[in-house]
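Please read the structure below before turning to the comments.
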Amino acid sequence: MSGDTGTLMKNLLITGGCGFIGTNFIRYLLSPGESGDKPAFTGRIVNVDKLTYAGNPDNLSDIEARHPDRYRFVHADICDVSALEKAFDDFAIDAVCHFAAESHVDRSIVAPDAFVQTNLLGTFNLLELARKYQKRIKWFHHISTDEVFGSLGEQGFFTETTPYDPSSPYSASKAGSDHLVRAYRRTYDLPMTLSNCSNNYGPYQFPEKLIPLMILNALSGEPLPVYGDGKNVRDWLYVEDHCRAIWRIMTAGKFGETYNVGGRCEMQNIDVVEKMCDILERRVPDKKIGSRRKLISFVKDRPGHDRRYAIDCTKIERELNWRPQESFDTGLEKTIDWYLRNSDWVKRVQSGQYRQWMAQQYGER
């Protein structure tokens, strides 16, 4: 099944839709004017999110107001089978796009148990429900990471056939979930696809990840901590390009296939930070802060820090006619612009009052 699948999906369950990539994906499907793209989706989105520290329902408040008939939010944990099953029943779910995951490597080193629970058990629960309702499920797409492949040397790229070699509890838990999804395809013939992406960046990213953290620290004149020698290499993918790739897979992909999604933007971490400093110097010079590059400080490297990731996305380019539209320079400019325009959003997600409000509205999670 492909080509017209987007119009056949009537009730699409998106897990983790209040997180960074999930938010952007929902906005992409329901507000196509923002990107100029017009994805062929006319159904309803059911967003199931646990609302951990990185989940923010405020990201989609305007979507909920503009599309009350096409967007529903369900506050639930994917580890809670009964809550998930209720969502499948109440909304007659016929497709799944699975983003929900614990995803911060540093946190996985300190507290790996949450990563095993959410990324493995949560994925298992979704697969079991997809199997239970298999007669109506048209598509199950699982989003994963290039970190499952481990580290590259100075040459070469990750392909869809690269052996898995995870280095952290986070990447190990994602590797396990990938294997589960593929096993359910082979064992139960679920209509499944899987994608492994490189480092995403863009609007609505929680400020613990490299790019938003450095933007906000540089704006306030705080230190810019860079692990090790700063020469770890990542391939950077603008989040909207990733959203287009996911939808392309879910409407034109082949069941059982895996697609690597990358931005073809390899950069050393130190070069990324210096680029951000230079853009901010042009946009918002601050005599009191002075040169933002002087804020860079090298800190002790984290355990198991992979040296280089690089994605070969030839397969999705060739088979599904997808290509990233943003270069790193254009994507970074757009990202910085968004954070400069949305300082109120930043203040809310960083404030203790916001966390208290979240606890009152949705309970401690």
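Laid out as a table, the results:
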{"read-out": "Sole residue being under 20 Å from residue 25 (Cβ atoms) and not polar (S, T, N, Q), chosen from 100, 83", "value": "100"}
{"read-out": "Which numbered condition residue 304 misses (of (1) part of a loop (DSSP other than H, G, I, E, B); (2) at pLDDT 95 or above; (3) closer than 27 Å to residue 107 by Cα)", "value": "(2)"}
{"read-out": "Residues of segment 266-307 classified as crowded, with 18+ Cβ neighbours inside 10 Å, touching a residue at least 60 places away in the same chain (Cβ under 8 Å) and of a type outside the set (A, V, I, L, M, F, W, C), total", "value": "2"}
{"read-out": "Within segment 156-167, considering residues that are touching a residue at least 24 places away in the same chain (Cβ under 8 Å) and surrounded by fewer than 22 Cβ atoms within 10 Å (Cβ to Cβ), the one farthest from residue 78 (Cα to Cα)", "value": "156"}
{"read-out": "Whichever residue in segment 79-95 is within 20 Å of residue 52 (Cβ to Cβ) and touching a strand residue (DSSP E or B) at 6+ places or on another chain (Cβ under 8 Å) and, among such residues, is surrounded by the most Cβ atoms within 10 Å (Cβ to Cβ)", "value": "84"}
{"read-out": "Hits in segment 59-99 - residues which are within 22 Å of the chain's Cα centre (by Cα) and aromatic (Phe, Trp, Tyr)", "value": "71, 73, 99"}
{"read-out": "Residues satisfying the stated conditions in segment 117-169, i.e. part of a strand (DSSP E or B) and polar (S, T, N, Q)", "value": "144, 145"}
{"read-out": "Of the criteria (1) among the charged types (D, E, K, R); (2) crowded, with 20+ Cβ neighbours inside 10 Å; (3) modelled with pLDDT of 95 or more, which one residue 102 fails", "value": "(3)"}
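The values are calculated or read from the model by the stated rules, or taken from the named source; none is laboratory data. Predicted, not measured: the structure shown is a model, and the values here were computed from it. All Cβ positions, even for glycine, are placed from backbone atoms using ideal geometry, and neighbour counts span all protein chains on display.
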